[in-house]
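Input: a single structure, listed below in structure tokens.
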Amino acid sequence: MTPRDDLYRGLMLLLAAIALIVLALALAGCGAEASSAPAPSSSSSSSSADNHGYGWQYDAMSAHGLKLRDARQAAGVRRLTALEADLLERRAATVATCAGELELAPPPFVVLLDPGELAARVGKPGWYYPNPPLIALEDLGDLFDHEALHYVLDRRGDLDAGHTSPLWASCSFAL
Ligand SMILES: [Zn+2]
């Protein structure tokens with residue numbers, strides 16, 4: 001055992017620890033689940049009719065049709081514009097490209113909620129609702145890319161609620 005061996009072993013242990021942390025975070029999940037995910041309203045209307053209870057109104061639309069609804073009630077927040085919708089569309093397209101899709105069509109519907117609002121409903125700050133595809137978020141940070149990957153995978157037939165696809169490691173940070 002030389003000091004160099006110790007250093008190597010220490011590095012390997014550090015890498016293993018990092019991998020475990022990333023895996024644990026991935027398993028913690030962001031909230032994408034099957035269609036049984038609780039809807040925001042207790043209304044009995046079908047989820048496809050009312051967009052999982054969030055409705056179809058939107059405040060901004062991207063160049064290729066990503067609809068963005070700013071449902072925040074908090075006073076004083078800067079309202080979202082087509083600029084944000086375009087940026088999200090590009091980010092979703094980047095995730096789709098990484099996952100091997102040639103294009104992202106049609107783009108998902110995105111709703112932005114007040115901090116804590118979504119967490120109170122589904123226990124997470126981000127949620128992907130399938131059929132119809134809806135990305136609900138409490139902020140437009142990295143969480144969006146994670147939900148966008150659920151969307152891409154959902155279009156292939158399995159939104160991967162368990163985060164088992166290798167694409168989580170290569171196309172989106174793991175939550
Ligand atoms: Zn997830």
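Might you let me know whether the stretch 44-56 holds any residue that is closer than 27 Å to D160 by Cα, modelled with pLDDT of 85 or more and among the hydrophobic types (A, V, I, L, M, F, W, C)?
Kept after step one, since they are closer than 27 Å to D160 by Cα, are these residues of the stretch 44-56: 44-56.
If we keep only those that are modelled with pLDDT of 85 or more as well, we get 50-56.
In the following step, the residues that additionally are among the hydrophobic types (A, V, I, L, M, F, W, C) were identified as 56.
Taking every residue of the stretch 44-56 in turn, at least one turns out to be closer than 27 Å to D160 by Cα, modelled with pLDDT of 85 or more and among the hydrophobic types (A, V, I, L, M, F, W, C).
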Hits in the stretch 102-129 (condition: farther than 14 Å from H52 by Cβ and hydrophobic (A, V, I, L, M, F, W, C)): L102, L104, A105, L112, A119, A120
Within the stretch 105-141, restricting to residues that are assigned to a loop (DSSP other than H, G, I, E, B) and under 15 Å from L159 (Cβ atoms), the one that is nearest to the ligand (Cβ to nearest atom) is K124
Which condition breaks for G157 when tested against (1) without any contact (Cβ under 8 Å) to a residue 12 or more places away in the chain; (2) surrounded by 14 or more Cβ atoms within 10 Å (Cβ to Cβ); (3) not charged (D, E, K, R)? (2)
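Output the residues belonging to the stretch 142-175 that are of a type in the set (A, V, I, L, M, F, W, C), closer than 20 Å to A105 by Cα and in a helix (DSSP H, G or I). Give the steps one after another, and end with the answer.
Within the stretch 142-175, the first condition is being of a type in the set (A, V, I, L, M, F, W, C), and the residues that meet it are 143-144, 148-149, 152-153, 159, 161, 167-169, 171, 173-175.
Okay, now just the ones that are also closer than 20 Å to A105 by Cα, so 144, 148-149, 152-153, 159, 167, 171.
Across the stretch 142-175, the qualifying residues are F144, A148, L149, V152, L153, L167, C171.
The values are calculated or read from the model by the stated rules, or taken from the named source; none is laboratory data. Bear in mind the structure is a predicted one, so any value in this text is a computation, not a measurement. Every residue, glycine as well, gets a Cβ built from its backbone with ideal geometry; the counts of neighbours run over all protein chains shown.
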